[in-house]
Each structure stands twice: as C-alpha cells, then as structure tokens.
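What follows is a short report on a single structure.
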Amino acid sequence: MMPNRCGLALLLLLGSLWPALALQRDEEEPGWVGFVEGIESCIAGKTPLLTHGYDCIGRFSHACLNHSENQTTISMERCYPDEYRAWDVMLNRYFRERPKGALGDELQQIQRTWITYSDRKCGYFQLHYAGGLMARWLGAQCLADTTDRRAIELRFFAQDR
C-alpha cells in the first residue's frame, strides 16, 4: 500500500508549512466530496488526458485567489488545502487501481520515489524562505500543483490498460 501523504514524515519535513495537512478527511465526508466530484467531472471529458487534463488544475484555488478577500499572503495560503486534498484523494484512488504483478510493483516503486521528490521539492520553500510567509504560501501551492499533475498521470495509467 502507498504511504499516506499526510503521515508523520511529511509533517516533520514540512513543519509549519501547512498545519491543515494534519487533518485527514474521508473522501465521502460532506462538503468534501464536491471538490472531488467537480474535478472528476472536469477531467472526465478531457481527451487526450495527458494533454488536456491539466486544464482542470486550479479550478477551485484560482476562484479563491481571485476573491477580493484573499489578497494577502495568509489568505492566499488558505486557497489551496481543499483542492490539494481532493487531488490527493483522487491520486490515491487511481493508485489503488494500478495493475497487478510486475507492472504494478514498478509503479509502486515509482510512486514512492515521487512522494520523496514531491515532499522534498515542496519542503524546500521552507528552507529557501527561512520559514516565512512566502514559504508557507509557495509550499502550499507546490503541494497542490505537484499532486494534481501526478493524479492526472495515475488516472491515465489506470485507464490506459
């Protein structure tokens, strides 16, 4: 089974980057499923998926960022958690649909490597900006952007068998 992205290692690595990550939601939780369904309906009609599926990235966070109340760094940071979590739910769902046998084992190894890469890449904002407000906002954006792209790739692999 794939390691949980909200696990202790991620929290230790990212520190105060995004405290909301510690909250785990079930993909069926009310108020949560709307994000997943909204993104799923967007990518459902995108063909080819690896070209046009990326058009669905940021649907909710961009609307949030364009709201007049979200023009400070702190409020901008709040625009990413729900969309990130929705993509993460989808990523895990698609990963569970991976093929069995050697091909699935290889994808599992690749996914473990991707998790390490993603966590380190996004955690670097903490180092670069010495834990300041820009570190939190850019780190949150990085987690959302990295996760949504990987979810689209895993959906492609799940469908293209």
Check your understanding: Of the numbered conditions (1) surrounded by fewer than 21 Cβ atoms within 10 Å (Cβ to Cβ); (2) of a type in the set (Ser, Thr, Tyr); (3) under 21 Å from Gly38 (Cα atoms), Ser61 satisfies every one except a single condition; which is it?
Key -> (1)
**Study point:** Residue in region 132-149 that is surrounded by the fewest Cβ atoms within 10 Å (Cβ to Cβ), counting only those that are in a helix (DSSP H, G or I) and without any contact (Cβ under 8 Å) to a residue 60 or more places away in the chain
**Key:** Thr146
Practice item. Could you grab me the full set of residues in region 27-70 that are at pLDDT 85 or above and in a loop (DSSP other than H, G, I, E, B)? Key: Gly45, Lys46, Thr47, Pro48, Ile57, Gly58, Asn66, His67, Ser68, Glu69
Exercise for review: Scan region 119-131 and give yes if some residue there is part of a helix (DSSP H, G or I) and under 21 Å from Ala158 (Cα atoms), otherwise no.
Suggested key: no
Point to revise | Flag for Gln108 being among the polar types (S, T, N, Q), more than 22 Å from Ile43 (Cα to Cα) and out of contact with any Leu (no Cβ under 7 Å at 6 or more places or on another chain) | key: yes
Point to revise | Residue identified as among the hydrophobic types (A, V, I, L, M, F, W, C), more than 18 Å from the chain's Cα centre (by Cα) and modelled with pLDDT of 90 or more among Ala86, Ala144, Ala102, Ala151 | key: Ala102
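The values are calculated or read from the model by the stated rules, or taken from the named source; none is laboratory data. The model shown is predicted, which means the values in this text are computed figures rather than measured ones. When we count neighbours, we look across all protein chains shown, and the Cβ atoms used for this are built from the backbone with ideal geometry, even at glycine.
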